[in-house]
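Presented below is the structure to which this report refers.
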Amino acid sequence: MSRRPPPKDRAGDKRKRDERPKGRPQEPRERSRNEPPKGPFRGPSPEVVTLYGAHAVREALKGGRRKLLALYATDNALPRIADLAQAAGLEPKLADARDLSRHLGEEAVHQGLLLEARPLPEADVSDIESKSGLVLALDQVTDPHNVGAILRTACAFGVDALIVTERHSPEFTGVLAKAASGALEHVTIVSVVNLSRALDELRERGYSVVGLDSEGAEPIETIPLSKPLALVLGAEGKGLRRLTRERCDLVARLALPGPIKSLNVSNACAATLATVQIRLGAPKD
């Protein structure tokens with residue numbers, strides 16, 4: 001004959017719960033470690049951009065396009081930035097490298113520098129100043145590393161502006177700014193609600209609009225090209241959306257001789273701009 005287990009001592013369980021140390025965090029330890037540490041740094045905010053890494057910070061200090069709020073530097077990094085900080089009217093604050101890593105994340109390669117600043121001024125399609133005659137538009141490219149690399153390439157090739165969508169685009173701070181390696185301070189960024197409408201505006205201003213897709217009917221190496229020119233790149237996997245395709249005068253592909261016929265979007269951007277430069281000529285300084 002089996003015996004039923006004795007009834008639980010609920011009062012005893014309650015006493016044990018009451019005896020636990022007060023003030024213990026209710027959330028798992030792993031989550032608490034990932035919370036922003038307390039300290040002098042500003043927390044996430046739409047009004048504050050965090051830039052880190054030597055190139056991103058140096059170009060922001062030199063650019064003069066932002067309102068600068070605070071600069072943190074380690075003992076080793078301070079001599080490399082002191083003159084630029086003084087010229088920008090900013091007094092660097094000494095910081096420990098471990099504090100920077102805890103604030104930014106252990107994966108962040110901050111090189112001992114962190115700059116807090118206001119976002120860049122907003123720009124519209126009508127604000128694009130045509131110098132090279134080249135504009136890039138991204139159709140919901142969301143990876144910050146890719147967008148940062150595209151910005152760096154755009155800056156190197158003298159592209160006049162980068163057009164992105166307000167939704168389904170990364171924030172222009174942190175990881176993206178680091179990947180852009182300072183290019184964020186030199187390329188006009190136009191954020192639009194409706195990309196199709198923005199492409200229509202470019203066409204009204206005389207731009208030809210060429211979409212880039214691995215399934216494009218013709219290679220970009222042979223299609224008719226002229227300036228001013230807007231090149232449109234889609235997200236990896238999804239490519240160009242239907243309405244975006246319909247706004248393009250042509251949808252072209254890169255002629256790749258190997259068995260793989262598509263590239264990472266940032267690599268495709270670099271190869272396309274190199275091809276366009278060979279065909280149409282480099283922009284004048």
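Each reported figure results from applying straightforward, stated rules to the coordinates on display, with no laboratory input. Because the structure is a prediction, the values reported are computed rather than measured. All Cβ positions, even for glycine, are placed from backbone atoms using ideal geometry, and neighbour counts span all protein chains on display.
What ratio of Cα Rg to 2.2 N^0.38 Å holds for segment 87-217?
Working: Rg = 17.0 Å, N = 131, 2.2 N^0.38 = 14.0 Å.
Output field value: 1.21.
All other residues with a Cβ under 10 Å from the Cβ of Asp96 taken together, and with Lys, Arg as +1 and Asp, Glu as -1, what is their net charge?
Numbers: positive: Arg98, Arg102; negative: Asp75, Asp99.
Neighbour charge sum, excluding Asp96 itself: 0.
Send over the Kirkwood Rh of segment 140-229, from the inverse of the averaged 1/r over different Cα pairs, rounded to one decimal Å.
Working: mean 1/r = 0.0700 Å⁻¹.
The answer is 14.3 Å.
So which trypsin sites (Lys or Arg not before Pro) in segment 38-130 pass both tests, a DSSP loop state and at most 16 other Cβ atoms within 10 Å of the Cβ? Kindly include the intermediate steps, with their values, before the conclusion.
On the way: sites: Lys38, Arg42, Arg58, Lys62, Arg65, Arg66, Lys67, Arg80, Lys93, Arg98, Arg102; in loops: Lys38, Arg42, Arg65, Arg66, Lys67.
Qualifying residues, ordered by number: Lys38, Arg42, Arg65, Lys67.
Relative to the present Cα-Cα distance, how much length would full extension add between Asp124 and His145 at 0.36 nm per residue of separation? Walk me through the numbers before you get to the answer.
Working: separation 21, 0.36 × 21 = 7.56 nm, distance 2.40 nm.
Full-extension gain reported as 5.2 nm.
Holding the Cα-Cα limit at 28 Å, pick out from Lys67/Lys178; Lys178/Lys227; Lys67/Lys131; Lys62/Lys227; Lys131/Lys178; Lys178/Lys238 the pairs that are longer than that. All intermediate terms of the calculation are to be shown ahead of the outcome.
Working: Lys67/Lys178 19 Å; Lys178/Lys227 31 Å; Lys67/Lys131 26 Å; Lys62/Lys227 31 Å; Lys131/Lys178 26 Å; Lys178/Lys238 26 Å.
Where the Cα-Cα span goes over 28 Å, the pairs concerned are Lys178/Lys227; Lys62/Lys227.
Tell me the trypsin sites (Lys or Arg not before Pro) within segment 167-224 that lie in a loop according to DSSP and have at most 15 other beta-carbon atoms within 10 Å. Intermediate results must be reported in sequence, preceding the final value.
Values: sites: Arg167, Lys178, Arg197, Arg203, Arg205; in loops: Arg167, Arg205.
Counting only loop positions with at most 15 other Cβ atoms within 10 Å, the trypsin sites (Lys or Arg not before Pro) in segment 167-224 are Arg167, Arg205.
Provide the FRET efficiency to the nearest 0.05 for the Ala87-Ile260 pair, computing r from the beta carbons and using R0 = 41 Å.
Details: r = 47 Å, r/R0 = 1.15.
After rounding, the FRET efficiency stands at 0.30.
Between Gln86, Gln111, Gln140, where does the largest GNM mean-square fluctuation fall for the chain, given springs only between Cα atoms within less than 10 Å?
Among Gln86, Gln111, Gln140, the largest mean-square fluctuation in the Gaussian network model of the chain belongs to Gln86.
Based on the alpha-carbon set only, what is the convex hull volume of segment 178-228 divided per residue, in Å³? Display every interim value, and only then the final one.
Numbers: hull volume 7.8 nm³, N = 51.
Value for segment 178-228: 153 Å³ per residue.
Applying the Karplus parametrisation 6.51 cos²θ - 1.76 cosθ + 1.60 with θ = phi - 60° to the phi angles of segment 76-88, what ³J(HN,Hα) value in whole Hz is obtained for each residue in order, glycine and proline being reported as x?
Going residue by residue, I get 6, 7, 4, x, 6, 10, 4, 5, 5, 4, 5, 5, 8 Hz, with x marking Gly and Pro.
For every other residue with a beta carbon closer than 11 angstrom to the beta carbon of Ala252, add +1 if it is Lys or Arg and -1 if Asp or Glu, then tell me the sum. Could you put the intermediate results ahead of the total?
Working: positive: Arg253; negative: Asp213, Glu215, Glu218, Glu221, Asp249.
Local net charge: -4.
Between exposed GluC sites (Glu not before Pro) in the chain, where DSSP calls loop and at most 10 other Cβ atoms lie within 10 Å, what's the longest gap? Walk me through the intermediate numbers first.
On the way: sites that count: Glu19, Glu47, Glu106, Glu107, Glu122, Glu129, Glu166, Glu215.
With a cap of 10 other Cβ atoms within 10 Å, the longest stretch comes to 216-285.
Given the DSSP H assignment, sum -39500 (n - 2.57) over each helix run of at least 4 residues in the chain and divide by its residue total; what's the result at 222 nm in deg cm²/dmol, nearest 500? Walk me through the numbers before you get to the answer.
Numbers: 10 runs with 95 residues, N = 285.
Computed ellipticity for the chain at 222 nm equals -9500 deg cm²/dmol.
So for segment 178-285: antiparallel DSSP bridges make up what percent, rounded to the nearest 5?
Numbers: 1 of 11 bridges.
Bridges in segment 178-285 that DSSP calls antiparallel: roughly 10 percent.
Post the alpha-carbon centroid distance, segment 254-285 to segment 82-99, in whole angstrom.
When both Cα centres are located, 39 Å separates them.
Return a whole-number percent for the relative contact order of segment 181-285, with Cα pairs under 8 Å and 6 or more residues apart as the contact set. List each step's numbers first, then the result.
Details: 120 pairs, mean separation 30.6, N = 105.
After rounding, I find 29 percent.
For the chain, report the % of Cα-Cα distances exceeding 25 Å.
Numbers: 22553 of 40470 pairs.
Of all Cα-Cα pairs in the chain, 56 percent lie more than 25 Å apart.
Express the relative contact order of the chain as a whole percentage, based on alpha carbon pairs under 8 Å and six or more residues apart in sequence. Working shown, then result.
Values: 473 pairs, mean separation 49.7, N = 285.
Computed over the chain, the figure is 17 percent.
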